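Read the figures in this text as sums done on the coordinates, not as results from a lab. Model, not experiment: these values are computed from the prediction. Backbone-built Cβ (ideal geometry, glycine too); neighbour counts: all protein chains shown.
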Amino acid sequence: MTKREKILFAAAVTVLVFCELAGWVLRPDAAWFPMAETILTRLIGAAVFVVLIRRMGYRTLGVPDLSQRPVIPLLALLVAVNNLPWIGLFTGRARIDASPGRILLFIGECLAVGLFEELAFRGFLMPYCLSRLRGRPHAVFLAALISSALFGLVHLVNLLSGASPGAVLMQIGYSFLIGGMCACVLVASRSVWLCAAIHAVYNFCGTVVPRLGSGNGWDPVTIAVTVLLGFFTAVLRVRFLRQTEDDADLLPMK
């Protein structure tokens with residue numbers, strides 16, 4: 001790694017840590033502040049990572065190209081939308097009780113978090129891993145695996161906020177899975193923007209009821225559909241990544 005790469009990588013890690021810890025330093029009692037703080041810090045972090053991606057020469061900031069591999073992004077979007085407890089909402093067992101203003105603020109939070117995390121882990125870290133692994137067997141698969149694993153492990157910082165080890169372990173697990181899914185979207189579309197949009201939809205659908213509503217959205221049908229869809233798409237994602245391991249133009253760099 002060159003000196004320039006070390007400086008840029010250190011800057012990326014610093015921004016990532018800052019954005020994870022900033023909200024615990026300043027948290028007044030206003031109910032809207034945590035969401036506003038998250039939006040602000042993540043947008044600042046996203047802007048920094050856009051600069052870092054451009055400085056490193058990674059070509060992950062282009063317009064999504066769905067002409068050749070549209071199935072992978074469509075399946076990812078289906079997984080994200082399925083994260084909403086549709087049956088619970090339709091039957092009334094789950095409700096969204098928040099005001100329109102808080103819902104809009106929450107949408108902004110999901111967009112900011114999705115944008116920041118995808119720029120950091122898919123837009124920056126995955127091509128960095130690929131640049132170090134290129135030429136090795138299964139380079140694309142390994143780059144996706146490493147970036148997804150680190151994305152999951154970074155959620156260990158939630159232990160500092162008092163989260164239970166079980167909850168954090170579960171968050172690490174599904175973060176790893178969403179990371180792998182977004183890595184496939186990046187490979188298929190060659191654009192981090194689509195990854196960010198799908199990530200935001202996934203976060204919104206999965207947390208809108210516990211964050212802004214009440215009730216239980218889980219039922220046997222919802223669980224069965226989620227497990228089957230997750231297993232089916234996971235098999236396709238692994239196969240897809242392994243089949244594209246020799247694609248020299250997958251993530252072209254200057």
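Axis of helix 192-212 versus longest Cα principal axis of the chain: the two differ by about 20°, to the nearest ten degrees.
To the nearest ten degrees, helix 220-243 and the longest principal axis of the Cα atoms of the chain are 10 degrees apart. Across the options 66, 233, 89, the greatest Cα extent toward the positive end of the charge dipole of the chain (unit charges at beta carbon of Lys, Arg, Asp, Glu) belongs to 66. Its relative contact order, with pairs defined as Cα atoms under 8 Å and 6+ residues apart, puts segment 3-243 at 32 percent. Over the C-alpha trace of the chain, radius of gyration and Dmax come out as 18.4, 58 angstrom.
Assign unit charges at the C-beta atoms only (+1 for Lys and Arg, -1 for Asp and Glu), then state the dipole size of the chain relative to its Cα centre in Debye, rounded to the nearest 20. About 640 debye. Once the Cα-Cα distance is subtracted from the 0.36 nm per residue extended length, the residue 174 to residue 17 segment shows a gain of 54.5 nm.
A straight chain from residue 238 to residue 77 at 0.36 nm per residue would run longer than the Cα-Cα distance by 56.3 nm.
Scanning residues 5 or more positions from residue 213 or on other chains, those with amide H under 5 Å from its amide H are 97, with H placed 1.01 Å from N in the peptide plane. Sorted ascending by nearby beta carbons within 10 Å, beginning with the fewest, 184, 129 become 129, 184.
Note on residue 55 and residue 87: with the Förster distance fixed at 51 Å, the Cβ-Cβ geometry gives a FRET efficiency of about 0.60. Sorting 181, 170, 126 by the number of Cβ atoms found within 10 Å of their own Cβ, with the fewest placed first, yields 170, 181, 126.
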